[in-house]
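Taking it in order: structure first as structure tokens, then the write-up.
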Amino acid sequence: MQYFNYLTESEKDSIFYVQPTKFIKNDSVEILSNGIGAALYMPATKESIFYDIANNKYPSLITAILCLEDAIGDDEIVKAEEQLIWHINHLYRHIKEEKVNTDDIPMLFVRVRNCNQFIRICNVLKEKLEILTGFVFPKLTTQNGNDYFQSLRKINHMYHLNLYAMPILESSDIMYKETRFETLLSISKLFNQYKDLIINVRIGATDFSSLYGIRRSPDMTIYDIGVIKDCIIDILNMFSRAENSFIVSGPVWEYITHIDKLQKEVLYDKANGIVGKTIIHPDHIIPVQAMYVVNKEEYNDALSILNNNNGKVGVIKSEYNNKMNEIKPHANWAKKILIQAKIYGVYNENENYRSLLRI
């Protein structure tokens, strides 16, 4: 997998100072969790999923989530499960018969409704689970989380796999102030117990909003909604600490249009330490991914900080003569920037996300 590999070499040369690096599904969790990017949700009932993936309909797509939960009506559950299994069976056969490298298809996740459904689907798919990267566990709590993670560990052991979990924080005991901190502390302990299984922590802002009967308009970002912003910040406070090293991804943008507001929300995501975003339409893939390419100034500052992280100096002036770079306080930021640069690339001077939107 490689970001922006649909571009020609001349286009890459004109846009990138450092081109994105290829990565594989057996890479470290650090690379994979930072590399999820724009994760496209697809209802499992969508009939074209197999064909879209097998035929590389969306060349820019790196991560897809096949949904059996909120995207599926209660009366569609059986149909959705059957459709999902059909898609996975046919994709598995296509990969084996056509000798397709699994690193040439997107990272695939299945969002289940509950642990029983998760176990049931795994017992049907068995060895075919190898074409997946993992599962999304919605409405995660300390009560259901332990069941999910223990079951995932057993399935990995049973089928000699390395599937990951994407837990979604979206329940009322996280949202409501009187229970939030106790709940987040309990979930943090749980996550640290199963840290090797967790690829990404996701925020369910739509479920949070439903608790108050509110919805952001297409002219607003999620950070304009006070109660939701308040909860997001507490989640980040708990899980984005340098010593935790969990990657938290941004909540879904619910509108197909208003790409400018989507990108503004991604800017706020990034400013708060969020990496990646849930999306609901293919038109959102490139606009979100383009926002995670590192600019040249940040890249050079990060290199300078880490190259001087030898105890000999405490602060150096940026080569751009516009800021100071403190070696110790900025080191964690610099490490994140270089990981991001490796995955998404670095823009040439005077290039930015608009360069990728024009192509």
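Brief remarks follow.
- Between 0 and 90°, nearest 10: helix 177-193 axis offset from the chain longest Cα axis: 90 degrees
- The modelled label-to-label distance between residue 55 and residue 150, using points 7 Å beyond Cα along the C-beta direction, is 4.5 nm.
- The amide H of residue 136, built 1.01 Å from its N in the peptide plane, has 110, 111, 112, 166 as neighbours under 5 Å, considering only residues 5 or more places off or on other chains.
- Prolate/oblate/rounded label for segment 4-58 (Cα gyration tensor, a/c 1.5): oblate
- For the chain, the pair-distance distribution built from all alpha carbon pairs, in bins 20 Å wide starting at 0, is 29, 59, 12, 0 percent.
- Couplings 3J(HN,Hα) for segment 202-219, derived from phi with the Karplus relation 6.51 cos²θ - 1.76 cosθ + 1.60 (θ = phi - 60°), are 10, 10, x, 5, 5, 5, 4, 5, 5, 5, 10, x, 10, 7, 5, 7, x, 8 Hz, where x marks Gly and Pro.
- Pairwise centroid distance, computed over Cα atoms, of segment 311-341 with segment 216-252, Å: 25 Å
- Coupling constants for segment 84-100 follow from the phi torsions by the Karplus curve (6.51 cos²θ - 1.76 cosθ + 1.60, θ = phi - 60°), and in residue order they are 4, 4, 4, 4, 5, 4, 5, 5, 4, 5, 4, 5, 6, 6, 8, 6, 7 Hz; glycine and proline get x.
- Segment 251-359: GluC sites (Glu not before Pro) falling in loop per DSSP and having at most 14 other Cβ within 10 Å: 319, 349
- To the nearest ten degrees, helix 296-307 and the longest principal axis of the Cα atoms of the chain are 80 degrees apart.
- Burial order of peptide ranges 94-103, 28-37 (average beta-carbon count within 10 Å, highest first): 28-37, 94-103
- Per residue, in Å², the accessible surface of segment 152-251 once ligands and nucleic acids are set aside, probe 1.4 Å: 43 Å²
- Listed residue pairs exceeding 18 Å between alpha carbons, taken from 229/277; 296/317; 264/336: 264/336
- Of the solvent-accessible surface of the chain, computed with a 1.4 Å probe and all protein chains present, 49% belongs to carbon and sulfur.
- When peptides 309-318, 196-205 are ranked by their average number of other Cβ atoms within 10 Å per residue, the highest-first order is 196-205, 309-318.
- Among 214, 187, 119: highest mean-square fluctuation, GNM of the chain, C-alpha pairs under 10 Å: 214
- The calculated FRET efficiency for the pair residue 352 and residue 195, based on their C-beta separation and a Förster distance of 51 Å, comes to about 0.90.
The values are calculated or read from the model by the stated rules, or taken from the named source; none is laboratory data. All figures in this text were calculated on a predicted structure; none of them were measured in a lab. With ideal geometry, Cβ positions are generated from the backbone for all residues, glycine too; neighbour counts draw on all protein chains shown. What goes into the accessible areas is simple: the full protein's heavy atoms, side chains included, and nothing from ligands, DNA or RNA. Shrake-Rupley method; radii C 1.70, N 1.55, O 1.52, S 1.80 Å.
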